[in-house]
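**Student:** Here it is: the structure, laid out below.
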Amino acid sequence: MASTEGKTMKARTAAAPARGSRPRNRKAQIVSIAAELFHRQGYHAVTMEEIASAVGITAGALYRHFRNKQELLARTVLDGLLAFETLVDNHTAGDVDGLLRAMAALTLDRRDLGVLWQRESRNLPVPERDQLRRRFRSIAARTATTLVAARPGLSPADADLLVWAIFATFASPSHHSVTLPRARFEDLLHAMGSTLTEVALPQAPGPSAGATPSDQPRPGLARASRREVLMDAAARLFNERGYQAVSMEDIGAAAGISGAGIYNHVTAKSDLLVAALTRAADALQLDASRAFATATSPRDALDLLLRSYIDLTVSHSHLTGTLITEVIHLPAEQRHTIRRLQYDYVSEWVHLLTAERPELIEAEARVVVHAVFTTINDIARIDHLRERGDLSGDLLAACQALLLARPG
């Protein structure tokens, strides 16, 4: 299957004017091409020289627009956030359906946004990143207010979770390259977003005083294997900061191993990344085997897979988070192996979903399955949502609805 990212990149670079010309939108063109390169290759793998070449200018000319790569990354993230913010602020009051359709269109216009926000924004300076996150939370709050107005009786807390689920669903095309006719793709995303606005979340008690978010370390017995301790510490740090921003010294300190002692257990940082990603991928495959062995129907198997994925992600979001964002940093051979495992796992879901819903073609089913994964992955890593009384039940209700969402 041809990559959407590759096609988009070719279109953007093909449109770049010849060297020596100075279009009035040069800065916007730089930002657009940089965003696509960061999305496709990862911030650390892209150089300013590569960006300049794709734009059709010299590196010196690029530096006249942006002082460094980090400043350019900040602009790509901010531009995406501003587009989303403008859309939310300018929608017609009370028109939730129109807002959802506009969101679906924007996220297909900018399929880079989800990855830029989730994976690459971690490379920004902390104060700048925190400021952008506050703005995004403000956008979510305003959207939740709109949803509450349209659905009387919905609590602000439940509206908040549903809005984040909607955002995740619309961001999901950023994490895959499935292609569909534009109108059909928009309709499918809109249907899933609309379905989420109507989900009835389970009633559950709020978090108890002093409750610990589900992914935070709890008191318990220490592992005897120092390698296991190191792998767990590494996965948490990779998920939080990104692989490139974590050193072996950081991992050793988090695991309680000082100095060169860490090299008694692993030879390189990449060993820990490979181990963590393999562990997460193998866990998913094992759960899939259990589901197929015990299910009595495609619907039953989907439900079992959904519950097991939610359980794994809520309890070990650092592992699934690393699996989503850090595969790009693996050596080529290991990256191919993990990508193959991921593709096979998604294909199991797609097989079941098309059996349950024969009106869906394979590509449409893949879009739905990726929306489910992104919703679970994103919500499980939002601190204030992890403190809900029954986050697993909330995710189950939302994602069961997504799997059955039908375009009008």
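**Student:** Check D89, D130 and return the single one that is free of Cβ contacts under 8 Å to residues at least 40 places away in the same chain and over 16 Å from G193 (Cα atoms). Quick ask: steps written out before the conclusion?
**Tutor:** Working: D89 fails: free of Cβ contacts under 8 Å to residues at least 40 places away in the same chain.
When all the criteria are applied, what remains is D130.
**Student:** Quick one: how many residues across region 297-348 are surrounded by fewer than 17 Cβ atoms within 10 Å (Cβ to Cβ), in a helix (DSSP H, G or I) and of a type in the set (G, A, S)?
**Tutor:** Summing the residues that are surrounded by fewer than 17 Cβ atoms within 10 Å (Cβ to Cβ), in a helix (DSSP H, G or I) and of a type in the set (G, A, S) in region 297-348 gives 3.
**Student:** Moving on. Does T92 satisfy the condition of being modelled with pLDDT under 95, out of contact with any His (no Cβ under 7 Å at 6 or more places or on another chain) and of a type in the set (S, T, Y)?
**Tutor:** Yes, satisfied.
**Student:** Any idea which of A291, A275, A301 is within 15 Å of S347 (Cα to Cα), modelled with pLDDT under 95 and of a type in the set (G, A, S)?
**Tutor:** A291
**Student:** Can I ask one more? Within the bounds of region 95-106, is there any residue that is among the β-branched types (V, I, T), in a helix (DSSP H, G or I) and under 19 Å from the mean Cα position of the chain (by Cα)?
**Tutor:** The answer is no, given that none of the residues of region 95-106 is among the β-branched types (V, I, T), in a helix (DSSP H, G or I) and under 19 Å from the mean Cα position of the chain (by Cα).
**Student:** Using beta carbons and a limit of 9 Å, which pairs, at least six apart or on different chains, have the first residue in region 245-274 and free of Cβ contacts under 8 Å to residues at least 24 places away in the same chain and part of a helix (DSSP H, G or I) and the second one surrounded by 12 or more Cβ atoms within 10 Å (Cβ to Cβ) and hydroxyl-bearing (S, T, Y)?
**Tutor:** From region 245-274, the pairs are M248/Y263.
**Student:** Moving on. Just checking, does region 192-201 include any residue being at pLDDT 90 or above and exposed (fewer than 12 other Cβ atoms within 10 Å of the Cβ)? Outline the logic, then answer.
**Tutor:** Of all residues in region 192-201, those at pLDDT 90 or above come to 192-201.
With the extra rule that they be exposed (fewer than 12 other Cβ atoms within 10 Å of the Cβ), the set shrinks to 198, 200.
Yes, that holds for at least one residue.
**Student:** Filter region 172-196 down to residues that are part of a helix (DSSP H, G or I), over 16 Å from A398 (Cα atoms) and small (G, A, S), then give me how many there are.
**Tutor:** Residues that pass the stated criteria total 2.
**Student:** Keeping to region 73-93, report how many residues are among the hydroxyl-bearing types (S, T, Y) and under 17 Å from H39 (Cα atoms).
**Tutor:** Number of matching residues: 1.
**Student:** Within region 184-203, which residues are under 21 Å from A150 (Cβ atoms) and within 22 Å of the chain's Cα centre (by Cα)?
**Tutor:** Passing the criteria: E186, D187, L189, H190, A191, M192, G193, S194, T195, L196, T197, V199.
**Student:** For Q244, are the conditions met, namely being at pLDDT below 95 and more than 30 Å from F84 (Cα to Cα)?
**Tutor:** Against the criterion (at pLDDT below 95 and more than 30 Å from F84 (Cα to Cα)), Q244 does not qualify.
**Student:** Here is a further query. Here is a check on your reading of the model: is R357 among the basic types (K, R), free of Cβ contacts under 8 Å to residues at least 60 places away in the same chain and surrounded by 15 or more Cβ atoms within 10 Å (Cβ to Cβ)?
**Tutor:** Numbers: among the basic types (K, R): yes; free of Cβ contacts under 8 Å to residues at least 60 places away in the same chain: yes; surrounded by 15 or more Cβ atoms within 10 Å (Cβ to Cβ): yes.
When the stated conditions are applied, R357 passes them.
**Student:** Taking region 360-408 on its own, how many of its residues are in a loop (DSSP other than H, G, I, E, B), farther than 17 Å from H316 by Cβ and among the hydrophobic types (A, V, I, L, M, F, W, C)?
**Tutor:** 3
**Student:** Restricting to region 53-86, count the residues that are outside any loop (DSSP other than H, G, I, E, B), under 23 Å from R110 (Cβ atoms) and in contact (Cβ under 8 Å) with a residue 12 or more places away in the chain.
**Tutor:** So the answer is 19.
**Student:** Would region 153-170 turn up any residue that is modelled with pLDDT of 95 or more, assigned to a loop (DSSP other than H, G, I, E, B) and at negative phi?
**Tutor:** yes
**Student:** Follow-up. Check region 154-167 and report whether any residue there is surrounded by fewer than 19 Cβ atoms within 10 Å (Cβ to Cβ), over 20 Å from R406 (Cα atoms) and either of a type outside the set (S, T, N, Q) or assigned by TED's automatic domain parsing to the domain that holds V346 (or both).
**Tutor:** yes
**Student:** If you don't mind, there's one more thing I want to ask. Restricting attention to region 281-296, does a residue exist that is among the β-branched types (V, I, T), under 24 Å from L395 (Cα atoms) and outside any helix (DSSP H, G or I)?
**Tutor:** yes
The values are calculated or read from the model by the stated rules, or taken from the named source; none is laboratory data. Remember, predicted model here, so these are calculated numbers, not experimental data. For neighbour counting, all protein chains shown are included, and Cβ atoms are generated from backbone atoms with ideal geometry for every residue, glycine included.
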